[in-house]
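Below: the structure, in structure tokens.
The values are calculated or read from the model by the stated rules, or taken from the named source; none is laboratory data. In this text the structure is predicted, and so the values were computed from the model without any measurement. Heads up, the Cβs are rebuilt from the backbone with ideal geometry, glycines too, and the neighbour counts pull from every protein chain shown.
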Amino acid sequence: MIQLESLSIRLGGRVLFKTDPMVQLHPGWKMGLTGVNGAGKSSLFGALLGKVSPDEGNLSRPQGWTVAHMAQEIEALDMPAIDFVLSGDEEFWQIQQKLNDVDNLSNDEIAEYYGRFDEINGYTAPAKAAQLMAGLGFFEHQMQLNVESFSGGWRMRLNLARTLMSRSDLLLLDEPTNHLDLDAVLWLEDWLKNYEGTLVLISHDRDFLDAITDHILHIENQQLTMYTGNYSTFETIRSERLAQQQQAFEKQQEARAHMQKYIDRFKAQATKARQAQSRIKQLERMQLLAPAHVDNPFTFSFRTPTKMSSPLLSLDHASIGYGSKEIASNVNLQITPTSRIGLLGMNGAGKSTLIKSLVGELSLIKGERKDSELLNLGYFAQHQMDALDAQASPMLQLARLAGNKVSEAALRSFLGSFGFTGERMDTICEKFSGGERARLALALIVWQKPNVLVLDEPTNHLDLDMRHALTMALNDFEGAVILVSHERQLIASVCDDLLLVHGGSCTEFTGDLSDYAQWLREARQQQINANSAALKKPEPVVTTPKETPRKESAKQREQTRPIRKDIEKTEAKIEKIQTQLESIKIALADTALYSTERKEELLKVMDQEKQLTDELAHHEEQLLELMMQLETVEQSFL
């Protein structure tokens, strides 16, 4: 077991947390590690990994344990994704590399390595890696692509798959669901339930913690406390303790006030001086209790939309997709001011394609998209967050939206409700964490009084307090909501209707999220069965003359030439837009542009910036699709 004996960890001289004289983490326990940002969760991970030394006390764990830890970054490696995942099982990977170079091994070494390879189930390792990647949303053709070809979010999925590949005794996961969609979260949930080792998990997803954990380690007021049960049980116990603590605090304050009053009244009287001195010593010995601080630092609301109409937005007999590649057809969707829609569907089924078609980022292949004249769309997605001006502060970016009619005090008050206080309001975004950028992107959307909110994974990077504030704000929002989220509690709290994107269609899902989880398991099993049947089916043998390498190379160049030309054209467009955006950023950095006389010019520049940003996102999506097409064609020649 792992033992924490009177453990204390400091950072910069400040105590992060202390533990009781003895805290024991038993083998097989699944523990959630919770606490506000900066409480010391990452430092505890560091101590469990042996990278952070306790300032006081001791941390011990069995010497022979294998520890797997999901890092938060991954390099752009020139290495096939499946190999990167396989390397997570370090012993398998080392033996595999040795056996790939048998010329430098003796017969005894070869026999020894093959024996151990069999003991660790090395022959089934590639199948296990492929299963992990499929569960986390990777398609079969992506498994041979190089790590460097994936975006940051998909690299994090690879990192998670690599971590799960390890035959570990202790598994440390820090926010593993941040870059996952709902079906990948549900798959990971099932995987972790069956994990036989000891798990310590940092997560802001309540449902995820509830489904997996049997203990909670909570850091609060510089104290690490162990709770038995899942997250909901912990919340109940903690709220009861806080209520008791608040009562004890108030009672102690009354007692202190009574003693102080006695001291002030009688300390100068000779007959009462001894009793007064006794009260002073008693007051000094009294251990101060902290009041229960349970207020959420984030309290914001969506501003009331100025105008409404019904419907606000609709798709009629729409076929959606990229270029000529159709993802779903005959989509009929009407968005009214009372619409509260959650989008469900397996990875790659078309949820994001539908979102982009709704907001106008993608043109329809067929059908019609109708906007009301009063439509005011608020769209939150990852690339909107990335499109924030890295060199501008929250105040400057909000001022650009608000114009000169709103006072600085009003802007600062508004940003304060999103957790931007003091110097953070005037700090450039380049220095912000992912959570701060997400909060700012939300704040800028809220300011514009949208009547339709389209939110694609809005809780990534947000902590529990901000997620709760967002849920409350969405429940009070007086407009339409279309939501894609891996967080079930958010969907259940906000959405009245569920739409399932699957098999090329978009239909109403009549069950709840528990029913969807079961549907998803059955759909996955059907896919596995279909793949197994396809593998068993004998392929017809076709004998063709073997082409020379030169002819094969020429044939490959001929077939890939159109795709390569499209890639070159798209890259040129992206480079041109990026140059134009750099010029616009320089223009927007000029404070003179924000004068009343130049308001029209400012609006024109901002419109141009939005148009170019939207074009850039579209071309980047196009480029990724083309590169995947090229990789598929090239693989066919191997």
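Residue-by-condition table, conditions (1) of a type outside the set (A, V, I, L, M, F, W, C); (2) buried (at least 21 other Cβ atoms within 10 Å of the Cβ); (3) part of a loop (DSSP other than H, G, I, E, B):
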| site | (1), (2), (3) |
| --- | --- |
| R157 | yes, yes, no |
| L160 | no, yes, no |
| L164 | no, yes, no |
| S168 | yes, yes, yes |
| I216 | no, yes, no |
Residue list for the range 109-125, restricted to those being of a type outside the set (D, E, K, R) and on the phi < 0 side of the Ramachandran plot: I110, A111, Y113, Y114, G115, F117, I120, G122, Y123, T124, A125
Pairs with Cβ under 8 Å, 6+ apart, first in the range 125-142 and free of Cβ contacts under 8 Å to residues at least 24 places away in the same chain and aliphatic (A, V, I, L, M), second surrounded by fewer than 17 Cβ atoms within 10 Å (Cβ to Cβ) and in a helix (DSSP H, G or I): A134/E140
Residue check, Q391 closer than 30 Å to L581 by Cβ and surrounded by fewer than 20 Cβ atoms within 10 Å (Cβ to Cβ): yes
Unmet requirement for E196, which otherwise passes all of (1) touching a helix residue (DSSP H, G or I) at 6+ places or on another chain (Cβ under 6 Å); (2) under 17 Å from H26 (Cβ atoms); (3) among the acidic types (D, E): (1)
Flag for K449 being of a type in the set (K, R), outside any helix (DSSP H, G or I) and modelled with pLDDT of 85 or more: yes
Residue list for the range 100-125, restricted to those being under 21 Å from T66 (Cβ atoms), of a type outside the set (K, R) and either over 37 Å from the mean Cα position of the chain (by Cα) or part of a helix (DSSP H, G or I) (or both): E112, Y113, G115, F117, D118, E119, G122, Y123, T124, A125
Test for S357: is it under 27 Å from K307 (Cβ atoms) and either within 24 Å of the chain's Cα centre (by Cα) or surrounded by 15 or more Cβ atoms within 10 Å (Cβ to Cβ) (or both): yes
The range 495-510 residues that are within 9 Å of A349 (Cβ to Cβ), paired with ones that are surrounded by fewer than 16 Cβ atoms within 10 Å (Cβ to Cβ) and among the charged types (D, E, K, R) (beta carbon under 9 Å, 6 or more apart): L500/E508; G504/E326
Test: residue in the range 193-203 that is part of a loop (DSSP other than H, G, I, E, B) and within 28 Å of L343 (Cβ to Cβ): yes
Any hit, the range 590-599, residues being modelled with pLDDT of 70 or more, small (G, A, S), over 29 Å from I445 (Cβ atoms) and exposed (fewer than 15 other Cβ atoms within 10 Å of the Cβ): no
Residue within the range 163-178 that is assigned by TED's automatic domain parsing to the domain that holds F208 and at positive phi present: yes
